[in-house]
Amino acid sequence: MMREFGLNDVYFLLLAARWTIALTLASTLIGGLIALVVAILRTMPFRLANWLAIGYINLVQGTPVLGQLFIFFFGFSAFGLDVGAWTAAVTAFSIYASAFLAEIWRGSLQSVPKPQWETSAALGLRYFEQLRYVVIPQAVRISLPPTVGFLVQLVKNTSLAYVIGFVELTRAGNMLNNATFAPLIVFLTVAAMYFVMCFSLSLTSRKLERSLHVAH
Amino acid sequence: MSLIELKEVCKRFGNLEVLKDIDLSVDEGEIVAVIGRSGSGKSTMLRCVNGLEPVQKGRIVVDGTDITAPKADLNDLRQRVGMVFQSYNLFPHLSVERNVTLALRVVRKTPEAEARDIAHEMVTKVGLAEKLNAYPDELSGGQQQRVAIARSLAMGPKVMLFDEITSALDPELVGEVLRVLETLAAEGMTMILVTHEMNFARTVGHRVVFMHEGRIHEEGPARATLDSPRTAELTSFLDAVLH
């Protein structure tokens, strides 16, 4: 049965967009926490930790996120663990985000000038105190633009979760298209919603950048 | 007993020997000026004294702590040894006040109000009370270096190490930093300063140590040593820097 694309459908898409946002937020949060640990392991003066972090980053970056989605969705059930689409998607995108954020943040940590470490060491701060009070605050400022750049990618990449049946914006668009056979208007609306999400992310970052004392 | 004691200290970077059998002792209240060409090992020696550079051989004892011992607590030592660098290295994300209070708050766990009092006192001492809330990028090089000195003094160190602290400054800003050092000297602070300011070394320093190719080549009372050097190397070095 065919019907017209109407305001109700826009509302339907907006509801689905909430899941795109939720998936992005959850993966950013969990992925960000993992990334922080990995970035620190990657930069600390301890070889074994460096190697572990490098291995993790390469492994995750070297495999497609689509494959990771399948692994967590179908792979877990092979072990009798029945995970839903949401759990599988959050797990896959968290891990995906963690590797990329770790690499971005590693670069930011390393671009804080070495004398900043030395000076804080000379004041009696221990390694993790130097990291927390001197290095990370400066690295955050440096990392802001590339981090937001990645998050914009992440918002759009969450659309891949539709392959495991997770209903987010793209999947919802697909469903509407099947009902209305109006692909142009449906997917233009979908694209517009992605654009609004990504563009507001970029705007926020630009505002944030201006309000911070950036290292020279 | 001397406050700082270096005994047969050797330091290598790979195959490059930068310090060769350094023996040096500094008494409490003494001001030692370390001079020499670049690459002679002056800065490295200074950095060894607060454990920023590990040494391969020899012993360094600072205020009773053997910092070359395998289990030496460097963080404890560094609270008693202040160090100021050529490039100021203020923390750019923190105001002047926060720069000065950071180590007090984090390392000493000094209560906020008390830390601010100390910061205020130290920043006033270097003549920058009105800049307490400024950020480093709003200060001139000379002002930044004075804040860096205040930041070190806040920890109440027993000795201050100065690593060419006026070398990066415009000539007209050198004076204000040297005046701060003179104040410290008058208060009896123990200081080791690596410097190219021969005049300052001569008038404020008690002793001059001339380093050449990783060794202490000549040392003695500041005025006498600089006025009538005994070795050809120091003579030619002084000729080179004074003309």
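Evaluate the following for B:Arg151: is it among the basic types (Lys, Arg), closer than 24 Å to B:Thr190 by Cβ and within 8 Å of chain A (Cβ to nearest Cβ)?
It is true that B:Arg151 is among the basic types (Lys, Arg), closer than 24 Å to B:Thr190 by Cβ and within 8 Å of chain A (Cβ to nearest Cβ).
If I ask for residues that are touching a Leu at 6+ places or on another chain (Cβ under 7 Å) and within 30 Å of B:Leu94 (Cβ to Cβ), which ones from segment A:164-216 would you list?
Within segment A:164-216, A:Leu201, A:Ser205, A:Leu208, A:Glu209 meet the criteria.
For B:Leu24, indicate whether it is out of contact with any Gly (no Cβ under 8 Å at 6 or more places or on another chain), under 22 Å from B:Gly205 (Cβ atoms) and either within 14 Å of another protein chain (Cβ to nearest Cβ) or surrounded by 14 or more Cβ atoms within 10 Å (Cβ to Cβ) (or both).
Yes: the conditions hold for B:Leu24.
Look at segment A:100-123 and say how many of its residues are touching a Phe, Trp or Tyr at 6+ places or on another chain (Cβ under 8 Å), among the polar types (S, T, N, Q) and more than 9 Å from chain B (Cβ to nearest Cβ).
Here the count works out to 0.
Only one of these is surrounded by 20 or more Cβ atoms within 10 Å (Cβ to Cβ) and either assigned to a helix (DSSP H, G or I) or touching a helix residue (DSSP H, G or I) at 6+ places or on another chain (Cβ under 7 Å) (or both): B:Ala134, B:Ala103. Name it.
It is B:Ala103.
Scan segment B:50-58 and give yes if some residue there is in a strand (DSSP E or B) and over 25 Å from B:Ala150 (Cβ atoms), otherwise no.
The answer is yes; a qualifying residue exists.
Residue-by-condition table, conditions (1) buried (at least 21 other Cβ atoms within 10 Å of the Cβ); (2) within 24 Å of B:Lys7 (Cα to Cα):
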residue: B:Ile165; (1), (2): yes, no
residue: B:Val174; (1), (2): no, no
residue: B:Glu187; (1), (2): no, no
residue: B:Thr195; (1), (2): yes, yes
residue: B:Gly205; (1), (2): yes, yes
residue: B:Phe210; (1), (2): yes, yes
residue: B:Arg215; (1), (2): no, yes
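Do we find a residue being touching a residue at least 60 places away in the same chain (Cβ under 8 Å), at positive phi and either within 14 Å of chain A (Cβ to nearest Cβ) or more than 13 Å from the chain's Cα centre (by Cα) (or both) anywhere in segment B:186-202?
yes
What pairs can you find where one residue is in segment A:124-142 and more than 8 Å from chain B (Cβ to nearest Cβ), the other is part of a helix (DSSP H, G or I) and among the hydroxyl-bearing types (Ser, Thr, Tyr), and their Cβ atoms are less than 6 Å apart, with a gap of 6+ or different chains?
Matching pairs, first to second residue: A:Gln130/A:Ser120; A:Ala139/A:Ser108; A:Ile142/A:Ser108; A:Ile142/A:Ser111.
Need at least 2 residues that are of a type in the set (Asp, Glu) per element, so show me which helices (runs of 4 or more DSSP H) inside segment B:159-243 make the cut, counting only ones lying wholly within it.
B:171-186, B:232-242
Filter segment B:113-142 down to residues that are closer than 17 Å to B:Leu153 by Cβ and charged (D, E, K, R) and give me whichever is farthest from the chain's Cα centre (by Cα).
B:Glu114
Can you tell me which condition A:Ala172 does not meet? The list is (1) away from chain B (no Cβ under 14 Å); (2) surrounded by fewer than 18 Cβ atoms within 10 Å (Cβ to Cβ); (3) in a helix (DSSP H, G or I), and all the others hold.
(2)
In this structure, does A:Arg206 turn out to be within 14 Å of chain B (Cβ to nearest Cβ) and either over 30 Å from B:Gly141 (Cβ atoms) or surrounded by fewer than 18 Cβ atoms within 10 Å (Cβ to Cβ) (or both)?
No; evaluated as a whole, the condition is false for this residue.
Collect the residues in segment B:89-106 that are under 18 Å from B:Ala129 (Cα atoms) and more than 7 Å from chain A (Cβ to nearest Cβ), keeping them in residue-number order.
Scanning segment B:89-106 gives B:Leu90, B:Leu94, B:Ser95, B:Val96, B:Glu97, B:Arg98, B:Asn99, B:Val100, B:Thr101.
Only one residue in A:Leu184, A:Leu151, A:Leu201, A:Leu188 is more than 20 Å from A:Gly107 (Cβ to Cβ), under 18 Å from the mean Cα position of the chain (by Cα) and of a type outside the set (Gly, Ala, Ser). Which one?
Residue meeting the stated conditions: A:Leu201.
Would you say B:Met155 is in a strand (DSSP E or B) and touching a residue at least 60 places away in the same chain (Cβ under 8 Å)?
no
May I ask you to say which residue of B:Arg98, B:Arg108, B:Arg80 is surrounded by fewer than 20 Cβ atoms within 10 Å (Cβ to Cβ), within 25 Å of B:Gly142 (Cβ to Cβ) and charged (D, E, K, R)?
The match here is B:Arg98.
Go through B:Lys71, B:Lys11 for me and flag whichever is more than 14 Å from chain A (Cβ to nearest Cβ) and either hydrophobic (A, V, I, L, M, F, W, C) or without any contact (Cβ under 8 Å) to a residue 12 or more places away in the chain (or both).
B:Lys71
Name the pairs: first residue in segment B:226-243 and farther than 13 Å from B:His212 by Cβ, second residue of a type in the set (Lys, Arg) and surrounded by 11 or more Cβ atoms within 10 Å (Cβ to Cβ), Cβ to Cβ under 8 Å, at least 6 apart or on different chains?
Listed pairs, sorted by first residue: B:Leu226/B:Arg202; B:Asp227/B:Arg202.
Which fully enclosed helices (runs of 4 or more DSSP H) of segment A:60-153 have 3 or more residues being at pLDDT 95 or above and buried (at least 20 other Cβ atoms within 10 Å of the Cβ)?
Ranges flagged: A:85-111, A:114-122.
The values are calculated or read from the model by the stated rules, or taken from the named source; none is laboratory data. Here the structure is a predicted model, which means the values were calculated and not measured. Backbone-built Cβ (ideal geometry, glycine too); neighbour counts: all protein chains shown.
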